[in-house]
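Trainee: Let me give you the structure first, and then I'll get to my questions.
The values are calculated or read from the model by the stated rules, or taken from the named source; none is laboratory data. Here the structure is a predicted model, which is why all the values come from computation and not from measurement. A quick note on method: Cβ atoms are made from the backbone with ideal geometry, for glycine too, and the neighbour counts reach across all protein chains shown. Note: accessible area is taken over every heavy atom of the protein model, side chains too, but ligands, DNA and RNA are not part of it. Shrake-Rupley method; radii C 1.70, N 1.55, O 1.52, S 1.80 Å.
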Amino acid sequence: EIYSLHVDCKVTSRFAHTVITSRIVNRANESREATFEVELPKTAFITNFSMSIDGEVYPGIIKEKAAAQNEYDTAVSQGQSAGLVKITDRKLEQFHVSVSIAATSKVTFELTYEELLKRQLGKYELLIKVRPKQLVKHFQIDVHIFEPQGIDFLETDSTFMTNELTEALTKVQNETKAHILFKPTVDQQKKNSELDETLLNGDFVVRYDVKREATAGDIQIVNGYFVHYFAPQEMPVFPKNVIFVIDRSGSMAGRKIEQTVDALLKILQDLRPEDHFNFITFNNKVVEWKSSLLPATEENVASAAALVQTLTARGGTDISGALLAAVGVLEKAEGLPERSVSMIVLLTDGQPTSGERNVEVIQENVQKAINGKYALFCLGFGFDVSYKFLEKMALSNGGIARRIYENGDAALQLQGFYQEVATPILMQIEMQYPENSVEGLTKNNFKLFFEGSEIIVSGKISNELDLLPVEIKAQSHTSDLTLKEEANVKEKEQVFQNQRYIFENFIERLWAYLTIQQLLEKAISAQEEDQKALEARALDLSLRYSFVTPLTSMVVTKPSDQQQKELANKPTEAG
């Protein structure tokens, strides 16, 4: 029986630190399995886990993956236990551990994870999955937010709220801080008074945004580490030249092609009159809808919608031919707006089965053809795609990859992705800092900036610097920009000095988190020897800051009368 479950989350300047504590008692008169099952965001890294049974603590130890595997293999005959973490859906992965406890014994499980909240479509989203599967005497979610820039708006949302449960939710907020408390009694948790079934099953979401002055962004500094947030607003939008490359091979038949059609019809409506577009559909044959890009006039959009509705799925998959044809159309395009952004959006659900089939060759040819001029976004529909291949291709060509999960909201996932990239407002952004006094700088140049997102750069200020000058250079639709700002180091350090719920060194941890994410991403599209060097640096940071990343594992040890060791690994979308 879980008698207490507490989710305690502190968000300081977008960096979220979540601790989940579950206390379980065995009221039976024989030993029983106690289970701790938590779903956490895929974007988070686990940093700590422990079990304490009758006062004895069993900590999880984070090690390099191969070393952890070795230790595990020694402790256990192989073939047992599938690891403690697995991906459960589009946004979440699940951590699951069980331990046998004696009659009347108690166990406390505690899991800590951290993540940097990413701004999408103008807001940050903190997702807490609530699924205790039973009534819990002491159930509580605490979210503390501190944003020195000021909180612009804050909302909570949940998939399981009822009128009674709303009474258990309180929100206290001032200029820079907020505290959200959700503390339902056992009666409020019940589906109805007769049954012991819980209503608490689903998502508890906090969304917010911060206030921004129209300057060169916002700089925050703690203990010699800085973070710089930049999210300009109300800028003119670049016209887009976009080619949709749509897989209509046999495996897309049925629900997938229907959802693709639904999404494309909505996306067509979202094109701006100054955008240009074209469609390429492919199975083993590649068909260009028009021989050139068309302006997104009402008639052209209507005629494209008519074509989209006739899409049927059969035949093979010539990914290579389709992508090279798309590049060809962009190459020979004429009369496009002078300052505009060209992009290719590929949607496929399978492996290349016709035309060129070797994924390395396809990657090489596509990269050569694109040659840094266009952004390539790859959407993989379902689990038969080679996600690794799509991800490498997108990251090598200035874009991103996404997996589209085959379920009811696939059309919404496609649309949501398009909305994120629909409004480019800056290109060639360079964030510049004084070279001799800043080290360990995270990525500081970006090809494109989309409205509603945010650029984040972090680093370490070496020597005793009083003023940190920054300069941002970028191209907007109408002009070339240079923005300058100076941060007073002492003043900035003061902001966080007397905050009650700041976990120390959070900017240093934010820096480590961001650096690891970027090194891993860079490694995906790097040559083999560079890949090793990037992964070695990421591993070093993962161990130093104790993050469970794709390069590390956490070894969880149990009491001596049970299977002794289990492993928690970080699953990745590419598997």
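Trainee: Report for the stretch 240-422 the percent antiparallel among DSSP-assigned beta bridges with both residues inside it, nearest 5. Display every interim value, and only then the final one.
Mentor: Numbers: 5 of 29 bridges.
The antiparallel fraction comes to roughly 15 percent.
Trainee: Given the Cα-Cα distance of VAL172 and ASP8 and 0.36 nm per residue of separation, how much length would full extension add, in nm?
Mentor: Between VAL172 and ASP8, full extension yields an extra 57.5 nm.
Trainee: I would also like to ask the following. Using the per-residue mean of other Cβ atoms lying within 10 Å as a proxy for protection, in what order, highest first, do the peptides 84-94, 257-267 fall?
Mentor: Listed from highest to lowest mean packing, they are 257-267, 84-94.
Trainee: Something else now. In whole Hz, what ³J(HN,Hα) sequence does the stretch 388-403 give by Karplus (6.51, -1.76, 1.60; θ = phi - 60°), x for Gly and Pro?
Mentor: 4, 5, 5, 5, 5, 5, 5, 5, 6, 10, x, x, 9, 10, 9, 8
Trainee: At 1.4 Å probe size, put TYR3, TYR387 in order of accessible surface, largest to smallest. Could you put the intermediate results ahead of the total?
Mentor: Numbers: TYR3 50, TYR387 15 Å².
From most accessible down to least: TYR3, TYR387.
Trainee: Among the aspartates and glutamates, which fall within straight-line cross-link reach of LYS392, defined as a Cα-Cα distance under 12 Å, with same-chain neighbours fewer than 8 residues apart omitted?
Mentor: Counting by Cα, and skipping residues close in sequence, LYS392 has these aspartates and glutamates nearby: GLU360, GLU364, GLU521.
Trainee: Leaving out same-chain residues fewer than 8 places away, which lysines sit with a Cα under 25 Å from that of LYS332?
Mentor: Of all the lysines, those that pass the test against LYS332 - Cα under 25 Å, at least 8 places apart if same chain - are LYS240, LYS285, LYS290, LYS368, LYS373, LYS447.
Trainee: Less than 10 Å Cβ to Cβ from TYR124, Lys/Arg counted +1 and Asp/Glu -1: what total charge do the surrounding residues give? Write down the numbers at each step before the final one.
Mentor: Values: positive: ARG14, LYS118, ARG119, LYS123, ARG207; negative: GLU125, GLU147, ASP209, GLU454.
Computed value for this residue: +1.
Trainee: Suppose all protein chains stay in the model; what accessible area per residue would a 1.4 Å probe give for the stretch 193-251, in Å²?
Mentor: Normalised by residue count, the accessible surface of the stretch 193-251 is 35 Å².
Trainee: Can you give the charge dipole size of the chain about its Cα centre, rounded to the nearest 20 debye, using +1 on the beta carbon of Lys and Arg and -1 on the beta carbon of Asp and Glu?
Mentor: Details: 61 positive and 80 negative charges, 133 e Å.
Charge dipole, the chain, about its Cα centre: 640 debye, nearest 20.
Trainee: Step through the residues of the stretch 18-32 one at a time and calculate ³J(HN,Hα) from phi using the Karplus curve (6.51 cos²θ - 1.76 cosθ + 1.60, θ = phi - 60°), rounding each to whole Hz and writing x for Gly and Pro.
Mentor: 10, 10, 10, 10, 10, 10, 10, 10, 9, 8, 6, 9, 9, 6, 9
Trainee: For the full complex of protein chains and a 1.4 angstrom probe, list ASP54, ASP530 by accessible area with the highest value first. Walk me through the numbers on the way to the answer.
Mentor: Numbers: ASP54 100, ASP530 80 Å².
Ranked list, largest accessible area first: ASP54, ASP530.
Trainee: Looking at the stretch 44-180, I'd like the Rg to Rh ratio, where Rg is from alpha-carbon atoms and Rh is Kirkwood's inverse mean 1/r. List each step's numbers first, then the result.
Mentor: Working: Rg = 19.3 Å, Rh = 19.0 Å.
That ratio is 1.02, to two decimals.
Trainee: Taking the DSSP beta bridges in the stretch 156-277 as the whole, what percent of them are antiparallel, to the nearest 5?
Mentor: 90
Trainee: On the full set of protein chains, 1.4 Å probe, figure out the accessible area of LYS183 and give it in Å² to the nearest 10.
Mentor: Solvent-accessible area, nearest 10 Å²: 110 Å².
Trainee: Now a separate question. Counting only protein heavy atoms and a 1.4 Å probe, tell me what percentage of the chain's accessible area is made up of carbon and sulfur.
Mentor: Numbers: 11650 of 25420 Å².
With neighbouring chains kept in place, the figure for the chain is 46 percent.
Trainee: If you don't mind, another one. Hey, what's the Cα Rg ratio for the stretch 240-422 versus the globular rule of thumb, 2.2 N^0.38 Å?
Mentor: That ratio works out to 0.93.
Trainee: Going by alpha carbons, how many degrees (0 to 90, nearest 10) lie between the helix axis of 65-75 and the longest principal axis of the chain?
Mentor: For 65-75 against the chain, the angle is about 40 degrees.
Trainee: Ignoring ligands and nucleic acids, what accessible area does ARG537 show with a 1.4 Å probe (Å², nearest 10)?
Mentor: Only protein atoms counted, so the area is about 140 Å².
Trainee: Also, I was wondering about something else. Give the lysines reachable from LYS558 as a straight Cα distance under 21 Å; neighbours fewer than 8 places away on the same chain don't count.
Mentor: The reachable lysines, counting only those whose Cα sits under 21 Å from LYS558, are LYS63, LYS65, LYS86, LYS106, LYS570.
Trainee: Spelling out what I want: for every residue of the stretch 429-435, take phi, set θ = phi - 60°, compute 6.51 cos²θ - 1.76 cosθ + 1.60 (Karplus), and round to whole Hz; glycine and proline get x.
Mentor: Whole-Hz 3J(HN,Hα) from phi for the stretch 429-435: 8, 10, 9, 10, 10, x, 4.
Trainee: Classify the stretch 455-575: rounded, prolate or oblate, from the alpha-carbon gyration tensor (a ≥ b ≥ c, eigenvalue square roots; a/c under 1.5 rounded; otherwise prolate if a/b is larger than b/c)?
Mentor: Because a/c hits 1.5 or more and a/b fails to exceed b/c, the stretch 455-575 counts as oblate.
Trainee: Continuing with the same structure: Pull out a ≥ b ≥ c, the square roots of the eigenvalues of the alpha-carbon gyration tensor of the stretch 197-342, then state rounded if a/c is under 1.5, prolate if not and a/b is larger than b/c, and oblate in the remaining case.
Mentor: Oblate.
Trainee: Of all DSSP beta bridges in the stretch 366-460, what percent run antiparallel (nearest 5)?
Mentor: 60
Trainee: Separate question: Using a 1.4 angstrom probe on the protein heavy atoms only, line up LYS256, LYS63 by accessible area, largest first.
Mentor: These residues rank, largest area first, as LYS63, LYS256.
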